[in-house]
Every structure is written in C-alpha cells, then in structure tokens.
Amino acid sequence: MRTCHSGARTTEVEVATHVMSLRRSVAAGAVGVFVHWFDWAAYAYLAGTVATVFFPAEDSTTGLLAVFGVFAVSFGIRPIGALVFGSLGDRIGRKRTLSLVIFMMSGATLTIGLLPGYASIGVAAPILLVILRLLQGFAAGGEFGSAASFLAESAPRRRRGFGVSWLEVGSLLGFLAGSFVFFLLSTTLDDSRLTSWGWRLPFLIAAPLGVIGFIIRNKIEDTPEYRAMEANDTVPRSPVRELLGSHKRHLLQAFGLMAAMHVPFYAVLTYLVTYETDHLGHSADSAALLSTVISLLGLVLVPLFGLLSDRVGRKPVFVGATAALLVVSTPAFLLMRAGTAGTWAAGLLLGTILAAILGTYAVWSAEVFPTRTRQSGLSISYNLTAALFAGTVPYLMTVLISATGSTLVPGPYLMVFAAGGLIAALSLRETVGSTLLRPEDISDVPSRVPSSDAA
C-alpha cells in the first residue's frame with residue numbers, strides 16, 4: 001500500500017510540476033504579445049489625438065493621414081525584424097530574443113509616452129515618432145516567432161496545442177485592454193486634457209508591463225530542444241539560408257496557414273466596425289460592442305480549440321474551420337443586411353470560426369518546421385503575410401466596395417484566403433503528438449538534456 005500511495009504522490013507531484021511549468025511558459029510567451037497588442041490598440045484608437053499632438057494643427061486631415069502612414073510603416077518594417085530576430089533566435093536561443101524584443105518594444109513605447117509634441121519641438125516631434133514606431137515595428141517582427149517557438153518547445157507534447165493557443169489569448173487580451181483604456185480616457189477626460197496629457201497614459205502603462213515581461217523572460221530557461229542542440233554543437237550558423245534552401249515547401253505551407261488567420265482576424269475584429277457604421281448604418285457604439293463581444297468569445301474558445309486539436313488533431317480542426325469560412329463568408333455578409341440581429345448572428349459565427357483558426361494555426365506551423373529553423377520560419381511567414389495581407393484589409397475593402405458597388409465584397413475576399421488556408425492544410429501531414437527534434441536537428445540527444453516531448 002505504501003508503494004501505491006508513494007506512486008500516487010509521485011504522479012501528483014509530476015502533474016503539478018507540468019502544470020506550473022506550463023503556466024510559466026505561457027506567462028513568458030504571451031506577455032510580450034499582450035504588450036504589443038495593447039500598444040497597437042492604444043495607438044489606433046488615439047490616432048486623432050496623436051495627429052493633433054505631433055503634426056501641424058492647420059490641416060487635421062493631413063495629420064491623421066500621417067499618423068496612419070506611420071502606423072502602416074511600422075507594419076512594413078516587421079519582415080526585416082522577422083529576418084533578424086528569427087535568425088538570431090535559431091542561433092542564440094529563444095530566451096534571449098524574447099527578452100530583447102520586449103525590452104525594445106516597451107522602451108520605444110515608453111519614449112513615445114514621454115515625447116514632446118509639435119508645439120514644443122516642431123518638426124522633430126513627428127520625425128522622432130516615426131523613428132520610435134519603426135523601432136517598435138522592427139522589434140515586433142521578432143515577437144511572434146520567438147514566443148511561438150518558445151511555447152511549442154516548452155509545452156508538454158500532449159498539451160502543446162493548448163499551451164501555444166495562449167499566445168492568441170494574449171493578443172486578444174492586449175487588444176481588449178487597449179480598447180478599454182481608451183474607453184476610460186475618452187469618457188473621463190475632455191478633449192483638452194486628453195490632448196495635453198491623457199493620451200500619454202496608455203504608452204506609460206505599457207512600460208511597466210514590459211518591465212514585468214522582461215523580468216519573467218529573463219528568469220526562464222531556454223527550451224529543452226534548443227539546449228539539446230547546444231549540447232551537441234548542432235546550432236545552425238545560417239538558419240535563414242537553410243530555411244530557404246531546404247524548407248521552402250514548409251514555408252509556403254505556413255504562409256497559407258498564416259494568411260488564412262490574418263485576413264479574417266483583421267476583417268472580423270477591426271474592419272467589421274467600419275463596415276457596420278459605413279454600410280449598414282449601425283451606430284459606432286453598437287459596432288464597437290459587437291467587436292468586444294467577439295473578442296471575449298475568442299478568449300474562451302481559442303484555448304478550447306487548442307485543447308481540441310490536442311485530442312483530435314490539428315488537421316480536423318483547421319480544415320473544418322477554413323472549410324466553414326469558405327462556405328459561410330458570403331452568406332454571413334448577406335445575413336448582416338437583415339438588421340442588428342442578423343449582424344450579431346453573422347459576427348458571432350465568423351468569430352467562432354476565427355477562434356478555431358487562432359487555436360490551431362500557430363502550433364501547427366511550429367510543428368511543421370525543424371528546431372534548427374523553427375523561429376526563422378515562423379517569424380518570416382507570420383510577418384510577411386501580416387505586411388502583405390493584414391494591414392491592407394481596411395484599405396482594400398474600401399477600394400473594392402467603391403469599385404464594384406457591392407457591399408458583399410468582404411465575403412468573397414475572405415473565401416479566397418479560406419481556400420488558400422484549406423489547400424495548405426490539406427497538403428500538410430498531421431503533427432499532433434510529434435517530436436520537435438528531427439534527425440537534421442541533432443544526431444544524438446544526450447540523456448542529461450530533458451525533452452518537453454517526453455511529457
């Protein structure tokens with residue numbers, strides 16, 4: 001009996017250890033994504049105020065366009081950051097790039113919050129704003145690849161989908177937190193106070209969050225897979241060259257998965273607000289409320305879909321989600337014409353499909369690449385598709401609706417990327433439960449180096 005009880009206690013200790021390890025990994029991986037999306041939401045919502053502070057007051061429209069131009073430039077530089085930090089993470093480890101990117105992002109965000117406006121330093125104000133946003137975008141280019149690689153390699157094999165899915169929970173929480181802070185500022189401060197000092201608060205808040213994230217990331221160990229490569233002296237010297245030379249197929253497949261995530265994400269969570277007010281005649285408050293509810297729904301469903309992918313496989317969940325998006329996209333925008341109830345039904349349906357994609361795309365993409373080139377592959381595929389397809393959603397939708405005269409355009413547009421994601425998914429093998437260390441990663445894994453895949 002004593003042996004039985006001892007074995008039971010040992011099992012309980014092992015389970016508790018795995019749970020604590022998973023929690024630490026999730027905190028370290030998701031905190032940077034939270035900070036990034038908090039800053040993203042704050043900047044987007046405060047665009048009008050930022051234009052007033054940093055650009056000449058004579059032409060408010062030009063100032064606003066300039067602010068959005070700065071916003072777009074920060075997206076454009078991300079692929080460069082992806083190349084640098086992706087390669088760096090495969091050569092020096094996930095932990096170091098995780099710490100470096102959050103330090104750079106939060107440092108730039110803090111500096112924006114302290115930056116004097118155009119009235120104080122003239123043309124130097126917008127120039128400094130551009131430089132700081134470029135620095136943020138450059139660092140953000142390394143965030144997803146570092147965090148997704150770290151979470152995939154740190155999570156227990158049987159809970160990998162669940163663990164990596166929290167990356168997207170962090171992004172949704174950051175987006176909601178930024179929106180909420182803007183709501184508090186806009187309802188408690190008048191325009192003069194918001195312009196004089198209130199706009200700075202979200203950027204100043206992001207700084208201590210970044211410090212906390214840096215401390216968490218600086219205390220963690222690097223992943224078992226990366227430490228195994230270090231122990232065997234098989235760390236790649238040119239991971240990007242190796243990726244492009246030997247894993248182009250994997251890169252293209254990841255492009256398909258990523259694009260099928262980016263477009264519905266921005267269409268459902270950001271552009272839908274504009275679509276409702278401009279083309280359906282709904283109030284801004286109603287549109288913002290639906291966007292918030294969809295985000296809250298995602299917070300619940302994303303980890304559940306990640307957990308489901310651990311049970312039934314990545315392929316059934318992702319294929320089912322992209323097939324559903326292919327079928328319902330256009331009917332959903334037709335349903336929105338039926339009034340507020342139809343819009344809510346369609347929005348929640350699209351949000352549920354998006355949650356299934358968010359819960360599986362990151363872990364599946366991580367499992368596609370070998371450890372030697374994982375961070376490079378994830379960083380490049382994520383940020384290149386983001387630069388090409390994510391930030392362009394509102395602009396293209398506006399242009400296409402104007403050119404065709406049809407408000408159903410978003411439906412077929414979503415269908416194109418759903419089809420691309422479906423094709424990529426069908427070409428991929430099932431990876432649930434697979435080992436992340438491949439023969440090309442390491443020739444002999446020493447027994448002293450633990451592997452998360454053993455869990």
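The values are calculated or read from the model by the stated rules, or taken from the named source; none is laboratory data. Everything quoted here is computed from the prediction, not taken from an experiment. Cβ coordinates were reconstructed from backbone atoms using ideal geometry, including for glycine residues, and neighbour counts include every protein chain displayed. These accessible areas exclude ligands, DNA and RNA; they are computed on the full protein's heavy atoms, side chains included. Shrake-Rupley method; radii C 1.70, N 1.55, O 1.52, S 1.80 Å.
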**OP:** Mind listing just one residue for me: the one in segment 56-78 that is open to solvent by 30 Å² or more (accessible area, probe 1.4 Å) and modelled with pLDDT of 75 or more and, of those, farthest from Ser149 (Cα to Cα)?
**Re:** Pro56
Subject >> Residues (farther than 16 Å from Ala424 by Cβ and either in contact with a Leu (Cβ under 6 Å, 6 or more places away or on another chain) or open to solvent by 10 Å² or more (accessible area, probe 1.4 Å) (or both)) located in segment 372-397 >> reply: Arg372, Thr373, Ser376, Ala387, Gly391, Thr392, Pro394, Tyr395, Leu396
Subject >> Matching residues, segment 226-259, being farther than 30 Å from Ala387 by Cα and in a helix (DSSP H, G or I) >> reply: Arg227, Ala228, Met229, Glu230, Ala231
Original post:
If you go through segment 398-414, how many residues are surrounded by fewer than 17 Cβ atoms within 10 Å (Cβ to Cβ) and under 23 Å from Val319 (Cα atoms)?
Top reply: 1
**OP:** Check whether at least one residue in segment 427-441 is of a type outside the set (A, V, I, L, M), at pLDDT 85 or above and within 30 Å of Phe75 (Cα to Cα), and report yes or no.
**Re:** yes
Original post:
Say we look at segment 264-287 and pick out the residues that are open to solvent by 50 Å² or more (accessible area, probe 1.4 Å) and touching a residue at least 60 places away in the same chain (Cβ under 8 Å); which of these is farthest from the chain's Cα centre (by Cα)?
Top reply: His279
